[in-house]
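Notes follow once the structure below has been shown.
The values are calculated or read from the model by the stated rules, or taken from the named source; none is laboratory data. Note that the structure is predicted; figures quoted are calculated from it, not measured. So basically every Cβ, Gly included, is an ideal-geometry build from the backbone, and we count neighbours across all protein chains shown.
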Amino acid sequence: MNKQELTARIKQEAYLEGDFTLRSGKKSHYYLDKYLFEACPDILKALGEEFAKYADDDVTLIAGPELGGVALAASASIASGKKWVIIRNSKKGYGTGNVVEGGEITENDVVLLVEDIATTGGQVVEAAKVIRESGAKVKKIVAVIDRKQGAEENITDAGFEFASIITKDDLGITD
Ligand SMILES: O=P(O)(O)OC[C@H]1O[C@H](OP(=O)(O)OP(=O)(O)O)[C@H](O)[C@@H]1O
Ligand SMILES: O=C(O)c1cc(=O)[nH]c(=O)[nH]1
C-alpha cells in the first residue's frame, strides 16, 4: 500500500467528528480513533512496514507505549525482524511489577519508539524517558499521525528526535 492509499484508508476507518476532549485536556472537533485503524489488518501491516523504514541496523529494539502503541510495535517488529517491548503507563502493583513488558531494556539498546497519535507529545515523551532512564538510546520517536499541536516542539525540547508517517494536513483536516 502506498502512502496516499494508507492515508485514505486511515481517514476512512478512523476519522470522527464531534466534540472531543483529548488526553492533554485540549478540546477538538475531530478525533482519530487509533483502535479503529489498528483493527484493520491492511492498515496495521502497512504501518508496520512504514515504521520498519526507521529501524536502521543499529536499532536493537522497538517499543510501543500502552495501549495504542502495542499493536503498532508488534507490527513493526514483524516487518523489521527486531524484537519489541511494551512501555506501561505505570507499574502494576502485583506480578512482576514491570513497567517494561517483553524483556529488559539495557544500556546497550538503541530503541525505535512508535506511537499512534501525537498531539502534544506528552504521552510518548513519558515513555521515552522510561527508555532513557534505563540507559538506552532512543533513536527516534515515530508517530502514525502528527496532529500538529505542539508534539514536535515538545519532543525536540525533551531531547528526542521525532518523525511522523502522516500529519493531519495529509488527512485534509483543518483546525
Ligand atoms: O500527544 P499527547 O497530548 O500525549 O496525546 C496523544 C496520546 O493520547 C492518546 O492516548 P490515550 O490517552 O487515548 O491512551 P491509550 O493509548 O491508553 O488509549 C494517544 O493515543 C496518544 O498516546
Ligand atoms: O490527543 C489525544 O488524546 C488523541 C487525539 C486523537 O485524535 N486520537 C487519539 O486517540 N487521541
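Descriptive notes on the structure:
- Residues of region 74-100 classified as assigned to a loop (DSSP other than H, G, I, E, B), of a type outside the set (Lys, Arg) and closer than 21 Å to Ile165 by Cα, total: 1
- In the condition set (1) without any contact (Cβ under 8 Å) to a residue 40 or more places away in the chain; (2) touching a strand residue (DSSP E or B) at 6+ places or on another chain (Cβ under 7 Å), Leu113 is compliant with all but (1).
- Residues satisfying the stated conditions in region 101-134, i.e. charged (D, E, K, R), over 13 Å from the mean Cα position of the chain (by Cα) and not in a helix (DSSP H, G or I): Glu101, Glu104, Glu107, Asp109
Conditions (1) part of a strand (DSSP E or B); (2) within 18 Å of Ser75 (Cα to Cα); (3) within 13 Å of ligand 2 (Cβ to nearest atom), marked per residue:
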site	(1), (2), (3)
Thr7	no, yes, no
Gln12	no, no, no
Glu17	yes, no, yes
Gly25	no, no, yes
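- A single member of Ile141, Ile145, Ile165, Ile173 is surrounded by fewer than 24 Cβ atoms within 10 Å (Cβ to Cβ), within 16 Å of Leu72 (Cα to Cα) and of a type in the set (Val, Ile, Thr), and it is Ile165.
- Matching entry among Ala71, Ala46 (being hydrophobic (A, V, I, L, M, F, W, C) and either assigned to a strand (DSSP E or B) or within 15 Å of ligand 2 (Cβ to nearest atom) (or both)): Ala71
- Candidates are the residues of region 1-27 that are in contact with a Leu (Cβ under 9 Å, 6 or more places away or on another chain) and in contact (Cβ under 8 Å) with a residue 60 or more places away in the chain; the one that is surrounded by the most Cβ atoms within 10 Å (Cβ to Cβ) is Ile10.
- Taking the conditions (1) touching a residue at least 40 places away in the same chain (Cβ under 8 Å); (2) surrounded by fewer than 22 Cβ atoms within 10 Å (Cβ to Cβ); (3) closer than 30 Å to Thr106 by Cβ; (4) not small (Gly, Ala, Ser) in turn, Asp157 satisfies each one other than (1).
- Flag for Lys140 being farther than 24 Å from Glu13 by Cα, outside any loop (DSSP other than H, G, I, E, B), in contact with an Asp or Glu (Cβ under 7 Å, 6 or more places away or on another chain) and away from ligand 2 (no atom under 16 Å from the Cβ): yes
This table checks each residue for (1) loosely packed, with under 15 Cβ neighbours inside 10 Å; (2) modelled with pLDDT of 95 or more; (3) within 16 Å of ligand 1 (Cβ to nearest atom).
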| position | (1), (2), (3) |
| --- | --- |
| Glu50 | no, yes, no |
| Tyr54 | no, yes, no |
| Asp58 | yes, yes, no |
| Leu61 | no, yes, no |
| Glu66 | no, yes, yes |
| Ala73 | no, yes, yes |
| Lys83 | yes, yes, no |
| Ser90 | yes, no, yes |
| Tyr94 | yes, no, no |
